[in-house]
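J.: Before I ask anything, here is the structure I am working with.
Bear in mind that the values in this text are calculations on the coordinates, not laboratory data. Since the model is a prediction, treat every value here as computed from it, not as a measurement. Cβ: placed from backbone, ideal geometry, glycine included. Neighbour counts: every protein chain shown.
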Amino acid sequence: MLQKFNFFIQKWMAVLTPLSLVLGVFLEDVGGCLLFLVPWLFAFMTFSSSLSMKLSDIKVFTKYHKTILFSIAFLHILMPIWAYFLSIIVFDDHLLTIGYVLSVAVPTGVTSVIWVNMCKGHIPLSLSIVLIDTLLSPIIMPYLLHIIVGESIAIDTTSIIIDLVWMIVLPSIVGIALNELSKGSIQNTLGKYLAPFSKLSLFGVIMINSSAVAPFLKDINWELFGVIFFVLILSISGYTFAMLLGRFIWKDTSILTTFVFIGGMRNIAVGVIVATTYFPAKVAMPVVFGMLFQQVLASLFSKVIQKKQLKNDDQLEI
């Protein structure tokens, strides 16, 4: 029963995610009262996702170290620079600039592994990148934010690091340790039962945190449309740049597939938490709206990748 429910949620992620955002806006007062639950929900999500990870995933680094390092550079150097310069050209608003940079500076999304698996990508490589990038996030994210924010807004970098360790690193270590101790069996005995609740937790995080941007959404204006449209452009560019660079660098379709989803997906939920906790509400706008397009774009680019794979298969047969 739970597995069928999990499959249903996974199938309709692209619809349920924006629905959670809209629901959070309408339940603004309720969401505001539930903010204390967000770190706990996110820690649970991280723990549940980490039950499928192993220490051996890090060993892939020795074989694909250049690919992993390039992926991390793409995620935390190339895309933030692109987001920064594009946002200062389009918007004359430092808060929105911080929001756009934060939306692409967060770790790659764990759900990217699902799409990599569906599109016959390199599963061990994707797990390795997700794991390494996640563990590095308490170091990378505060440093990037410190550079972008400058002196205009004071942020408590130490608190951000502590929160990221609590929400990401510690649950990941516990999940990996349990997987190792059970020799991989815990994913089937416990992980599959936690999976639907993990997705429900994601919807809960989106709903609760979207209440923070509710005042901006209630005042429909051209700036709001501009912010949403620019989020779409930035989201598309992540997948597109990853695909173009991947085709140029790697001939192996499985690595290309992995890089596209690693480069396009983001752990938006942690970005929303950081934005709503440490910055004015306006910073959260670009981050929250990123949830509207991520799964839909993953679905579209999966079709592009699958067509390329079919074309390669036909050429091999010839």
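J.: Give the order of Ile140, Ile173, Ile89 when sorted by the count of other beta carbons within 10 angstrom, beginning with the fewest. Kindly include the intermediate steps, with their values, before the conclusion.
T.: Numbers: Ile140 19, Ile173 15, Ile89 8.
Ranking Ile140, Ile173, Ile89 by Cβ neighbours within 10 Å, fewest first, gives Ile89, Ile173, Ile140.
J.: Only four residue types carry charge here, +1 at the Cβ of Lys and Arg and -1 at the Cβ of Asp and Glu. Report the dipole size of the chain about the Cα centre in Debye, rounded to the nearest 20.
T.: Details: 19 positive and 16 negative charges, 249 e Å.
About 1200 debye.
J.: Using Cα pairs under 8 angstrom and six or more residues apart, how large is the relative contact order of the chain, in percent? Working shown, then result.
T.: On the way: 417 pairs, mean separation 109.4, N = 318.
Once divided by the residue count of the chain, the mean separation gives 34 percent.
J.: Between the stretch 235-285 and the stretch 42-100, what is the C-alpha centre distance in whole Å?
T.: Spelled out, the Cα-based centre of one part sits 6 Å from the other.
J.: Arranged by the count of other C-beta atoms within 10 angstrom, fewest first, what order do Asp133, Asp93, Asp29 take? Mind dumping the intermediate values first?
T.: Working: Asp133 21, Asp93 15, Asp29 9.
Ranked by crowding around the Cβ, least crowded first: Asp29, Asp93, Asp133.
J.: Same structure again: Rounded to the nearest 20 debye, what is the charge dipole size of the stretch 1-112 about its Cα centre when +1 sits on each Lys and Arg Cβ and -1 on each Asp and Glu Cβ?
T.: Numbers: 6 positive and 5 negative charges, 166 e Å.
Dipole size: approximately 800 debye.
J.: Projected onto the charge dipole of the stretch 37-317 (+1 at Lys/Arg Cβ, -1 at Asp/Glu Cβ, origin at the Cα centre), which of Ser50, Leu86, Ser182 gives the Cα projection farthest towards the positive end?
T.: My answer, from the dipole projection, is Ser182.
J.: Ok, one more. Given the -39500 (n - 2.57) contribution per DSSP H run of 4+ residues, what per-residue ellipticity at 222 nm results for the chain, rounded to the nearest 500 deg cm²/dmol?
T.: Numbers: 17 runs with 251 residues, N = 318.
Result for the chain: -26000 deg cm²/dmol, rounded to the nearest 500.
J.: Return Lys192, Lys11 ranked ascending by Cβ neighbour count within 10 Å, so the fewest neighbours appear first. Can you show the working numbers first?
T.: Details: Lys192 15, Lys11 10.
Fewest to most other Cβ atoms nearby, the residues stand as Lys11, Lys192.
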